[in-house]
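To start, the structure under review is shown below, and the notes come after it.
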Amino acid sequence: MQVKSKLLFLSSIAVIFVINLFSGSIDPYFYTVIIYIGINIILATSLNLINGYTGQFSLGHAGFMAIGGYLSIALSTYFAPFFQSTFGTGAFGNAITFIIVLLAGGTAAALVGLLVGVPSLRLKGDYLAITTLGFAEIIRVVIQNMDVIGASQGFRGVYIYANGVKSPQMVQDLVDMPTVFYAVPQFTNFFWTFLFVAIIIYYVSNLINSTYGRGFLSVKDDEIAAESMGINTTKFKVSAFVTGAFFAGIAGVLYGHFNLYLNPEDFNFLKSVEIVVMVILGGMGSMIGVIIAAVLLTILPEFLRSVSEYRMIIYALLLIIMMLTRPQGLFGFKVKLKKKK
Amino acid sequence: MRFGGLTCVDKVSTTVEDNELVGMIGPNGAGKTTVFNMITGVYDPSDGDILFNNESIVPYKPFEVSEKGISRTFQNIRLFKSLSVKDNVRVSFIKNIKSKYFSSVLQLPKFYKEEKEIDKKIDELLEMFDLLHEKDEYAVSLPYGDQRKLEIVRALATSPRLLLLDEPAAGMNPTEKVDLMNLIKKIKDLFHISILLIEHDMKVVMGVCERIFVLEYGKKIAEGKPEEIRNDEKVILAYLGDTHHA
């Protein structure tokens, strides 16, 4: 049973690797949707650890994603000469570069998560939601005002040396006279995205199903009882928050290195809400439900493209209908009480 | 203990010896549960001190108090509703386990070993309290009496040296109460721990406790052996009222 889960994990990585070999033949549009599905699964599953399993309502997940995305693209852009000279530009060198960038993005998000989490996790419910929302907005506004990473124009993983000054520029401006031109390659592919999908599913389910991980659920159910049974509730809340932030950062890195263009508006309040919706729709604390919700909510807007301007109305309507018919989420459970004898 | 200007528990001083079963009784609102909350660190007493093994436990948070070896149950049942019976007990083992965050994620060999040990201990405890057949049910779907028992099991699983039981027999019928009291006696001897229990039912307390103290309006009005308490005038007054005006 326990060995099985390890085998399943390793074999799924092998499958992902094999599928990746054929990814060239996938239609680019579908390919994009598939990558977004993967990224959204990572985001939703990581938020599920905070909101679903630990019961802390965080509304700032897009902020952590932004930190991971921006930091990693900045690294890939400005440290490109260093990475290239150290690891080379072959497939292997690129892989090492990307792993470093991924870990850096995730770690940065996790550190910020720690910084935000320690003071704000004393708050409960709505108050925590507002605090985390405020934090995500601060991140976005700060990014919007930082010229090194493109400010409100957005950040393309591109730089030029002109007159000895290194600066990020819009690609159109480069046509004339770049002395040195470098563009970050599209590191994110099917393999990397779904490798992390596999990792986070394995990671979170191992954690939650262990004795230690049951502590997260006990914090959600009853903090006072959990404390009285020797659970350091603050520690559990913060570690859920930091873990969630780490994977949101990873998702940001993957997103950044797929699009190769980041805009502060990609990480606004609506993005955070979108992730929360995935978690709620899937059923708080249901791994499979949240994954399916992430897939559905990524595909749904694409299907609705045919009705163009009514798209968001129908999308919102469907959400309302789903919530009315299954308030506990697609795969959420309600404890059924036994009939009294 | 004061809440704002209201003094809830005032100058209550008592001791619980090793492996002793002490009862705390008193009319509604006498401050019994508040005493429990002060001991377990839910409230910090405004004045005074609480010693456990000659160490003040006032500055500790509830989870630290639990680490020191004090465990409790709750007057209004507080089980973990999204967890099974087994997992409710499992949570109590967390404070002592060695495989914490990362070894749980990586599932190292020692993790499996420890999980198996915990599984075994949980089964033993549930067996002892005749709850084993319900181990995979959700805790809140158990009958009321079993939920009370499960709370005691969960508290015992933290391997306490002092167990605080807050009205363990509340809502039970007379036969169930007798069974429970025998069980509590058994727990005390089997686990060799001290027990402090709150109970309203005089018969129950008199039958099981070695020593009793009585609270009224936050003050201790009597303390002694059950038979002494039974004949104590102040206690009779508190419980039955003044005979002259009755």
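Figures for the structure shown
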{"read-out": "Options B:Met172, B:Ile39, B:Ser66, ranked by Cα towards positive dipole end of chain B, top entry (Cβ charges)", "value": "B:Ser66"}
{"read-out": "Per-residue SASA entry for B:Ile77, accessible area with 1.4 Å probe, Å² rounded to 10", "value": "40"}
{"read-out": "Angle in degrees between helix B:174-191 and the longest Cα principal axis of chain B, rounded to the nearest 10", "value": "60"}
{"read-out": "Segment B:174-229: GluC sites (Glu not before Pro) in DSSP coil with no more than 15 other Cβ atoms inside 10 Å", "value": "B:Glu210"}
{"read-out": "Minimum 30 Å² accessible area buried by the other protein chains, segment A:227-247 residues, probe 1.4 Å, relative to alone", "value": "A:Glu227, A:Ser228, A:Met229, A:Gly230, A:Ile231, A:Asn232"}
{"read-out": "Helical contribution to [θ] at 222 nm, DSSP H n ≥ 4, -39,500 (n - 2.57), averaged over the protein assembly as shown, rounded to 500", "value": "-17500 deg cm²/dmol"}
{"read-out": "Dipole of chain B [Lys/Arg +1, Asp/Glu -1 at C-beta], most positive-end residue of B:Val235, B:Met202, B:Phe93", "value": "B:Phe93"}
{"read-out": "Solvent-accessible area, 1.4 Å probe, carbon plus sulfur percent, for the protein assembly as shown", "value": "62"}
{"read-out": "Convex hull volume per residue for segment B:15-110, taking Cα atoms only, in Å³", "value": "167"}
{"read-out": "Tilt relative to chain A, helix A:269-282 - C-alpha long axis, 0 to 90 degrees, to 10", "value": "40"}
{"read-out": "Helix A:311-325 axis, angle to chain A major axis (alpha carbon atoms, nearest 10°)", "value": "20"}
{"read-out": "Size descriptor, Kirkwood hydrodynamic radius, that averages inverse alpha-carbon separations across segment A:210-341, Å", "value": "17.6"}
{"read-out": "Among B:Tyr217, B:Tyr138, B:Tyr101, residue whose mean-square fluctuation peaks in a GNM of chain B (springs only between Cα atoms under 10 Å)", "value": "B:Tyr101"}
{"read-out": "Radius of gyration, Dmax [the protein assembly as shown; alpha carbons; angstrom]", "value": "29.6, 108"}
{"read-out": "Longest exposed-site-free window of chain A, the sites being chymotrypsin sites (Phe, Trp or Tyr not before Pro) in a DSSP loop that have at most 15 other C-beta atoms within 10 Å", "value": "A:80-332"}
{"read-out": "Residue-averaged beta-carbon neighbours from other chains (10 angstrom radius) around B:92-99", "value": "5"}
{"read-out": "Nitroxide proxy distance, nm - points 7 Å out along Cα→Cβ at B:Leu132 and A:Asp147", "value": "7.5"}
{"read-out": "Estimated FRET transfer efficiency (B:Ser46, A:Ile224; beta-carbon r; R0 22 Å; 0.05)", "value": "0.60"}
{"read-out": "Where N is the number of residues in chain A, Cα Rg divided by 2.2 N^0.38 Å", "value": "1.04"}
{"read-out": "Solvent-free Debye scattering, log10 I(q)/I(0), computed from the Cα coordinates of segment B:73-146 at q = 0.13, 0.16, 0.20, 0.27 Å⁻¹", "value": "-0.44, -0.64, -0.91, -1.27"}
{"read-out": "Whether segment A:1-112 is rounded, prolate or oblate, judged on the alpha carbon gyration tensor where a/c under 1.5 counts as rounded", "value": "oblate"}
{"read-out": "Probe 1.4 Å, accessible area per residue of the protein assembly as shown, Å²", "value": "47"}
{"read-out": "Summed buried accessible surface, chains A and B, 1.4 Å probe, nearest 100 Å²", "value": "3400"}
{"read-out": "Within a Gaussian network of chain B (alpha carbon springs, distance under 10 Å), most fluctuating of B:Leu125, B:Leu197, B:Leu165", "value": "B:Leu125"}
{"read-out": "For the protein assembly as shown, share of DSSP beta bridges that run antiparallel, in % to the nearest 5", "value": "55"}
{"read-out": "Cβ neighbours within 10 Å from other chains - mean over B:157-163", "value": "1"}
{"read-out": "Kirkwood hydrodynamic radius of chain B, from inverse mean 1/r over distinct Cα pairs, in Å", "value": "19.3"}
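The values are calculated or read from the model by the stated rules, or taken from the named source; none is laboratory data. Worth saying up front: this structure is predicted, and the values here are computed from it rather than measured. All Cβ positions, glycine included, derive from the backbone under ideal geometry; neighbour counts span all protein chains shown. Calculation scope for accessible area: heavy atoms of the full protein, side chains included, ligands and nucleic acids excluded. Shrake-Rupley method; radii C 1.70, N 1.55, O 1.52, S 1.80 Å.
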